[in-house]
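Notes for the one structure printed next.
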Amino acid sequence: MTRTNTTDCSSHTNDSNNIKKLKRGFAYKLFYQQGVWPQNASLNDYYLAVSYTVRDRMQQMFLNSILSLQKKESKIVGYLSAEFLMGPHLHNNLINLGLYDQVSRAVEECGLDIKQIIDHEEEPGLGNGGLGRLAACYLDSLASLQIPAIGYGIRYEFGMFDQEIKNGWQKELGDRWLQPGNPWEFKKADLTVEVGARGHTEQYTDDHGNQRVRWVPGGMVKGIPYDTPVLGYRVNNVNLLRLWSAEAPKSFDFDDFNVGDYQGAVHEKIMAETITKVLYPNDEHFRGKELRLFQQYFFVSCSMQDMVRIHLFMFPNLDNFPDKFAVQLNDTHPAIAVPEFMRLLIDVHHYSWERAWDIVTHTFAYTNHTLLPEALEKWPVAMLGRVLPRHLEIIYEINSRFLDLVRIKYPGDVDVVRRMSIIDESGERYVRMAHLACIGGYAINGVAELHTRLLKNHTLTDFHRLWPDKLTNVTNGVTPRRWMVLSNPRLARLISSAIGDGWITNLYKLRELEPMVDDPVFCEKWQQVKFDNKQDICAMFSCAYGPMFNPYAMFDVQVKRIHEYKRQHLNLLHIVNLYQRLKNNPNLDVPPRIFIFGGKAAPGYTMAKLIIKLINSIAEVVNSDPDVNTRLQVLFIPNFNVQIGHMVYPMADLSEQISLAGKEASGTGNMKFSMNGALTIGTLDGANVEIREEVAPENFFLFGMDVNEVQELGTAGYDPQTIYNQNEGLKAAINLIATGHFSHGDRELFRPLIDSLLYHDPYMVLADYQSYVDCQQKVGEVFQDTRRWTKMAILNAARMGKFSSDRSIADYCRKIWKIKPFPVELKLQQLPENGFKFP
Ligand code: GPK
């Protein structure tokens, strides 16, 4: 059921009426909420006033949706994720509400610019990269598809750090996103829960003579939920993002105060508030920090208690919990939910182990996001036992029962028992969270076809053999609302003028663009959109970075976390090679190119930081060299985040997806680029495989080894030095870096990077080098044929239907959650004119 009234008023009088109301709303919010007169208001005051006014327009739908969560018929998805990289809210909410035009006119009539207001928002960067952004795209699609859902996570006070580039190096700055005030969240102090830590367990006999166990925590903290409404696109359903913030149980402990331990009381408070202080910025690298373990447990315990409360609000007991909730574990970060729910069922609600296990294993499903061994979470047994003694007992019991099953299934096979055990006993003992998640849920999924196949054949092969139906694929997707409508309005308008706007909610409809490749007028408009998008970014960065960027050049873009497996340095080797060829041959027939990079390195990841330094060093030399800088430029965009992504994907011609085959689980940037009419140069890795399948091989620039070849090379022995010695171009490029050409003669600076490429590179950069350079040559040739390029670009966008997160969510609903849309009806409730009586 789509919304008809209240927002999309077509008639002119209604429009001007609404605009009048909006303007009055702004003034009210400035006065009553911000406490300023308009003439004294800051941009932040205006941003907040506009946002509160827009938020008011969401309230009826929001509160109606909350009511409908409490209906017995509607199953709810609980999406547990340590990260939600939502990006700015205001713009997205305006689009999903259908209020963008009206609000922008109202703002304009107040003498302001909506763009300025929108850009003022500090984005909530509560995620590292792909995994957190995926969670945000999924919340958008869940609401848009009218699936009741609650996203549960952590309200980090400091999200992803802000990146500055100083002298070519990354510098990290704290992200104080809450400082200006967050108009989108509601603090729900009434729904506070308590979470224990440490202590010990003890056995006791209850009043009925039953032997029971209880956990006596050494300390408690409070979890306070903050709710952010998540709008669907032009529907009445509003879902909930519920983020937990930690506080000390008593903000001021008078007992401690009276006995003179004022410091102690304050210390306790500070310790508690540390829990949700900061997001760990290590992407795909497990670091085993105790505080991180407790962060995970904290938000998981809060969330499970919350779901139990909601359930018991409607039902007498938890027997049918799995009919009401499908709980998705976004990676293993929330996997401690398995023993936590067991604890709640057994210790608190007095279920037997067997009944509890039945409920638990019908509740959870687990998404795996990576094959990188260093990313897999393994908590030292000793640490887990210290922080969560009761949970360790439960994990042991789960494991012991599970291994009994394994022994029955594979009699005499001690090796399989060792491999599948939750406890890794090969050295120091660890709890393998992926095993816990696989055993404790009813479904496991990978995030792209290739990734799922590799899970089946390698990482989770024992589990797949034991439970052949449990492991399935759900290919990732991204929301076309944020990644097309919001970020590329020019393209969205062009597409809608050609095929109507049905594509926004059914991306397969983009197929209707295919015939347009033969329409020269349409193609020209398409090129114009790309050109205008490029000009925007040129205007933005040209003055700040010296050289004028040329909007006629090819924009060749790699934006993503800096990681060796993503191989930004392969891109750099090609740039250096191109630079040398241009220096040697001024008549070289290649189109002008701007190579654009963006991405953050984990603060402790030295090699990734060195790669950033190398990008900036090459940029410095290349951009200031008049021999080449009309045809080759390099730009590192600092602080790549969702907001900058809005500008970057729409202006790209070429999307770099060049990870070593078998390393990138899916990738989602690849989808955003393609939707916005960029062509991909990529390996057969992650979702690239499926993108190429969809757009057809002739519209995709493929290079490099496939997974089998990578594996064979690994087995045969990868020998980068021979490749180096036999390839003159490669040798010259590496030598130029090694001899200090980009480091003012310093031969030491980039040595660690060169050494890794030449002597111990698990990502086999040199093995794919020549294939990459050859493919880039072809890219250049095709780009010079503008008509051909444009056709390929249109076909890429036209064939992106599969990569809408709407399709992904529909797959989860059908294959895993067994849940159907539950449209919310908009019953407008009038607020009582003459006050109300408390019931
Ligand atoms: C995977 F394991 C992880 C992680 O810790 N962080 C993260 O961003 C990414 N990911 C994968 O690297 C991508 O290939 C994938 O598209 C994304 O998760 C979403 O599934």
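Just to be sure I understand the filter: pairs with C-beta atoms under 9 Å, separated by 6 or more residues or on different chains, first member in segment 104-121 and at pLDDT 95 or above, second member part of a loop (DSSP other than H, G, I, E, B). Which pairs pass?
Ser104/Asp113; Val107/Asp113; Ile118/Pro88; Asp119/Pro88; His120/Pro180; Glu121/Pro88; Glu121/His89; Glu121/Pro180
For every residue, the table says whether it meets (1) within 16 Å of the ligand (Cβ to nearest atom); (2) more than 22 Å from Gln580 (Cβ to Cβ).
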{"residue": "Glu693", "(1), (2)": "no, yes"}
{"residue": "Phe700", "(1), (2)": "no, yes"}
{"residue": "Val707", "(1), (2)": "yes, yes"}
{"residue": "Gln711", "(1), (2)": "no, yes"}
{"residue": "Ala733", "(1), (2)": "no, no"}
{"residue": "His741", "(1), (2)": "no, no"}
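Suppose the filter is within 30 Å of Leu97 (Cα to Cα), surrounded by fewer than 24 Cβ atoms within 10 Å (Cβ to Cβ) and either touching a Pro at 6+ places or on another chain (Cβ under 9 Å) or among the charged types (D, E, K, R) (or both); does Arg418 pass it?
no
Answer with yes or no whether Gln263 is surrounded by fewer than 21 Cβ atoms within 10 Å (Cβ to Cβ), assigned by TED's automatic domain parsing to the domain that holds Tyr226, polar (S, T, N, Q) and closer than 23 Å to Leu142 by Cα.
Taking the combined requirement at face value, the residue does not satisfy it.
Would you point out which residue out of Gly111, Gly181, Gly129 is within 16 Å of the ligand (Cβ to nearest atom) and surrounded by fewer than 24 Cβ atoms within 10 Å (Cβ to Cβ)?
Testing whether each residue is within 16 Å of the ligand (Cβ to nearest atom) and surrounded by fewer than 24 Cβ atoms within 10 Å (Cβ to Cβ) leaves just Gly129.
For segment 284-299, state whether one or more residues are more than 16 Å from the ligand (Cβ to nearest atom), of a type in the set (Lys, Arg) and farther than 19 Å from Ala136 by Cβ.
Taking every residue of segment 284-299 in turn, none turns out to be more than 16 Å from the ligand (Cβ to nearest atom), of a type in the set (Lys, Arg) and farther than 19 Å from Ala136 by Cβ.
Yes/no matrix, rows are residues, columns are (1) more than 27 Å from Lys277 (Cβ to Cβ); (2) of a type in the set (Gly, Ala, Ser); (3) within 16 Å of the ligand (Cβ to nearest atom):
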position: Leu48; (1), (2), (3): no, no, no
position: Lys71; (1), (2), (3): yes, no, no
position: Tyr79; (1), (2), (3): no, no, yes
position: Glu83; (1), (2), (3): no, no, yes
position: Gly98; (1), (2), (3): yes, yes, no
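Keeping to segment 465-504, report how many residues are without any contact (Cβ under 8 Å) to a residue 40 or more places away in the chain, within 27 Å of the chain's Cα centre (by Cα) and either within 30 Å of Val707 (Cα to Cα) or in the same structural domain as Pro411 (by TED's automatic domain parsing) (or both).
3
Considering each residue of segment 499-512, count those that are part of a helix (DSSP H, G or I) and either modelled with pLDDT under 95 or in contact with a Lys or Arg (Cβ under 9 Å, 6 or more places away or on another chain) (or both), and give that number.
Here the count works out to 8.
List the number of the failed condition for Trp357; all other conditions in (1) in contact with a Leu (Cβ under 8 Å, 6 or more places away or on another chain); (2) of a type in the set (Phe, Trp, Tyr); (3) farther than 30 Å from Gly129 by Cβ hold.
Of the numbered conditions (1) in contact with a Leu (Cβ under 8 Å, 6 or more places away or on another chain); (2) of a type in the set (Phe, Trp, Tyr); (3) farther than 30 Å from Gly129 by Cβ, the odd one out for Trp357 is (1).
For residues in segment 145-182 being of a type in the set (A, V, I, L, M) and over 30 Å from Trp817 (Cα atoms), which is nearest to the chain's Cα centre (by Cα)?
Across segment 145-182, the extreme among qualifying residues is Met160.
So Tyr724 clears everything in (1) of a type in the set (Phe, Trp, Tyr); (2) part of a loop (DSSP other than H, G, I, E, B); (3) more than 30 Å from Asp653 (Cα to Cα) except one condition, right? Which one?
So Tyr724 meets the others, but not (2).
Tally up the residues in segment 662-691 that are in contact (Cβ under 8 Å) with a residue 60 or more places away in the chain and within 13 Å of the ligand (Cβ to nearest atom), please.
Number of matching residues: 17.
Answer with yes or no whether Ala716 is more than 16 Å from the ligand (Cβ to nearest atom) and on the phi > 0 side of the Ramachandran plot.
Spelling it out, it is not the case that Ala716 is more than 16 Å from the ligand (Cβ to nearest atom) and on the phi > 0 side of the Ramachandran plot.
Select the helices (runs of 4 or more DSSP H) contained entirely in segment 601-716, then report the ones holding at least 2 residues which are surrounded by fewer than 24 Cβ atoms within 10 Å (Cβ to Cβ).
606-623, 642-651, 688-695, 707-716
May I ask you to verify whether Lys566 is more than 21 Å from Leu632 (Cα to Cα), surrounded by fewer than 20 Cβ atoms within 10 Å (Cβ to Cβ), basic (Lys, Arg) and assigned by TED's automatic domain parsing to the domain that holds Val782?
Considered against the rule, which asks whether it is more than 21 Å from Leu632 (Cα to Cα), surrounded by fewer than 20 Cβ atoms within 10 Å (Cβ to Cβ), basic (Lys, Arg) and assigned by TED's automatic domain parsing to the domain that holds Val782, Lys566 comes out as no.
For Leu450, work out the one condition from (1) within 12 Å of the ligand (Cβ to nearest atom); (2) not in a helix (DSSP H, G or I) it doesn't fulfil.
Just one mismatch for Leu450, condition (2).
The values are calculated or read from the model by the stated rules, or taken from the named source; none is laboratory data. All figures in this text were calculated on a predicted structure; none of them were measured in a lab. Heads up, the Cβs are rebuilt from the backbone with ideal geometry, glycines too, and the neighbour counts pull from every protein chain shown.
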